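Note sheet for the following structure.
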Amino acid sequence: MKLTVYSLFDAAASAFSQPFFMQNDGLAIRAFQDNINGTESTNITEHPDQFTLFKVASWDDSEGKFTPYDTPKSLALGVSLLNSDAPRYSDNELNKISEALEKQNRELQQLKLSINNTLAEQEAPHIKLAE
């Protein structure tokens with residue numbers, strides 16, 4: 001059986017990743033896209049603009065022989081495979097954002113209460129901030 005050998009080029013490292021084998025370009029692109037849009041925080045999900053999928057060789061398992069291409073062929077830029085609705089934050093980042101919003105909401109409620117108390121002290125009961 002002949003398989004195609006693929007590798008991701010990491011622009012930050014200026015190096016190709018460990019190669020992987022797939023039956024065709026479509027399956028390799030789909031696997032790369034799944035990694036780009038994954039929910040785990042990885043180098044690929046955090047920096048999709050720095051990764052490119054390349055076809056680098058073929059493998060013939062009946063002969064045990066690799067046949068490298070003269071020049072690796074670029075198949076897809078990571079950033080081009082981003083789903084527009086894919087989450088771009090890790091669970092940890094989302095928890096931090098949620099906590100910050102809750103804190104701001106508590107501070108806002110305290111500020112409203114303080115303003116309403118000040119207005120009441122100044123005998124301006126007709127002015128009151130909404131709860």
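No value in this document is a laboratory result; all are computed from the given coordinates. Please read all numbers here as calculations on a predicted model, not as lab measurements. Cβ coordinates were reconstructed from backbone atoms using ideal geometry, including for glycine residues, and neighbour counts include every protein chain displayed.
Go ahead and run the numbers for FRET between Ile97 and Leu77, Cβ-Cβ distance against an R0 of 22 Å, rounding to 0.05.
Working: r = 28 Å, r/R0 = 1.28.
According to the calculation, E is roughly 0.20.
Residue-wise, which Karplus ³J(HN,Hα) couplings in Hz belong to region 65-72, taking 6.51 cos²θ - 1.76 cosθ + 1.60, θ = phi - 60°, and x for glycine or proline?
With coefficients 6.51, -1.76 and 1.60, one gets 10, 8, 10, x, 7, 4, 9, x Hz.
Can you tell me the length gained on complete extension of the stretch Thr42 to Asp70, counting 0.36 nm per residue apart and subtracting the Cα distance? Let's see the in-between values first.
On the way: separation 28, 0.36 × 28 = 10.08 nm, distance 3.09 nm.
Roughly 7.0 nm would be gained on extension.
Lysines near Lys103 by alpha-carbon distance under 28 Å, same-chain residues fewer than 8 away left out - which ones?
Lys112, Lys128
In straight Cα distance, which lysines are under 28 Å from Lys55, not counting same-chain residues fewer than 8 positions off?
Counting by Cα, and skipping residues close in sequence, Lys55 has these lysines nearby: Lys2, Lys65, Lys73.
How much of the calculated P(r) for region 1-75 lies past 19 Å, in percent of all Cα pairs?
On the way: 998 of 2775 pairs.
Roughly 36 percent, once rounded to a whole number.
On full extension of the chain, what length is gained from Gln18 through Gln109, given 0.36 nm per residue of separation minus the C-alpha to C-alpha distance? Write out the running numbers ahead of the final one.
Values: separation 91, 0.36 × 91 = 32.76 nm, distance 5.35 nm.
Working it through step by step, the gained length comes to 27.4 nm.
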